[in-house]
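Everything below concerns the one structure shown next.
What follows is calculated from the coordinates using simple rules that are stated; it is not laboratory data. None of the values given here were measured: they were computed from a predicted structure. A quick note on method: Cβ atoms are made from the backbone with ideal geometry, for glycine too, and the neighbour counts reach across all protein chains shown.
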């Protein structure tokens, strides 16, 4: 039978019949505040799942790759949406759509790496409904946003029954589809530090077709001093292992180097060697993924350095 909506609008209940759609039956809830959402998640336990944009979750439900007794739809919570400049960082509400992120001049000016990554996410229909918080909380190893958050040392605002807490990006991604959040917590916002000075940013990836998940990808941020030496650098790789990962040793190797003396090919290979594991599969063998991983790091680094030099 079709789902029914509660009169107060804060919670909806319904049972979805398997004869109507493919997912297993579940109860549907639609809170209008973050605290109502957290209360539901706490009360319902690990049988509940947050529905943010649904662009990853709904296909998984339809294919029975995931089964939940309850879906908590947070798309009507206004406080989860928005983009704002706050104390040297850009705050993005977790419920902000990817389309809004890509179109925001605050993002283009303050977090250009995020702006450059957004058009690579799926297709425009997906970006119209997909949210930044949904992508980050889903923690897909081949997704662009987790790598951007890692590279820029973003911080994640999380709300749970015990109150609010902040989690660093370096601690947020625990593994494949796994984060530091518990089942009764909700991602409410993300803060991205704003880089200043002679900075350059780039995203490079290899995918079978535009819109497909990357077989290997890299995001790079570089700041140069007035003598074209690397003042700071961030390299994050995605699509190569169970989660996006920073290449800290390669970054350290670059800091202090004059850009014309850098062997970009070797930096790419060095970055890939830092990975604990590179996953191969039926489509992309491990050795090939390592090779293209080194190439995308090299390409992204070259583009970021050039952008920084051009000002």
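Can you give me the angle between helix 264-273 and the longest principal axis of the chain, using Cα atoms only, in degrees from 0 to 90, rounded to the nearest 10?
50
If contacts are Cα pairs under 8 angstrom and at least 6 residues apart, what is the relative contact order of the chain in percent?
Relative contact order here is 14 percent.
Using 7 Å Cα-to-Cβ label points, what is the residue 309/residue 281 separation (nm, one decimal)?
That separation, rounded to one decimal, is 3.7 nm.
What's the exposure ranking of 28, 288, going from fewest to most Cβ atoms within 10 Å?
Arranged by neighbour count, lowest to highest, 28, 288 become 288, 28.
Sticking with the crude label model, points 7 Å out along Cα→Cβ, report the distance from residue 46 to residue 165 in nm, one decimal please.
Placing both labels 7 Å along Cα→Cβ, they lie 1.8 nm apart.
In degrees between 0 and 90, to the nearest 10, how far off the longest principal axis of the chain does helix 286-310 point, with axes built from Cα atoms?
70
To make sure I understand, if each residue's beta carbon is the centre and we count other beta carbons within 10 Å, what order do 123, 70 fall in, fewest to most?
Ranking 123, 70 by Cβ neighbours within 10 Å, fewest first, gives 123, 70.
Calculate, for residue 65 and residue 174, the FRET efficiency according to 1/(1 + (r/R0)^6) with r their C-beta to C-beta distance and R0 22 Å; round to the nearest 0.05.
Here the calculated transfer efficiency is 0.65.
Taking the simple approach of a point 7 Å from Cα along Cα-to-Cβ for both residue 87 and residue 252, what is their distance in nm?
3.0
Please work out the Cα center distance from the stretch 59-103 to the stretch 154-231, rounded to the nearest Å.
15
Rank 208, 291, 229 by mean-square fluctuation in a GNM of the chain with C-alpha springs under 10 angstrom and give only the top-ranked residue.
Result for the chain, Cα springs under 10 Å: 208 fluctuates most.
Taking the Cβ of each residue in 220, 92 as the centre, tally the other Cβ atoms inside 10 Å and list the residues starting with the fewest.
Working: 220 33, 92 27.
Lowest to highest Cβ neighbour count: 92, 220.
Working from Cα positions, state the angle (0 to 90°, nearest 10) between the long axis of helix 34-44 and the longest principal axis of the chain.
On a 0 to 90 degree scale, this one is about 70.
Would you compute, from DSSP H runs of 4+ residues alone, the mean residue ellipticity of the chain at 222 nm, taking -39500 (n - 2.57) per run and dividing by the full residue count, rounded to the nearest 500?
Helices in the chain give a 222 nm mean residue ellipticity of -9000 deg cm²/dmol.
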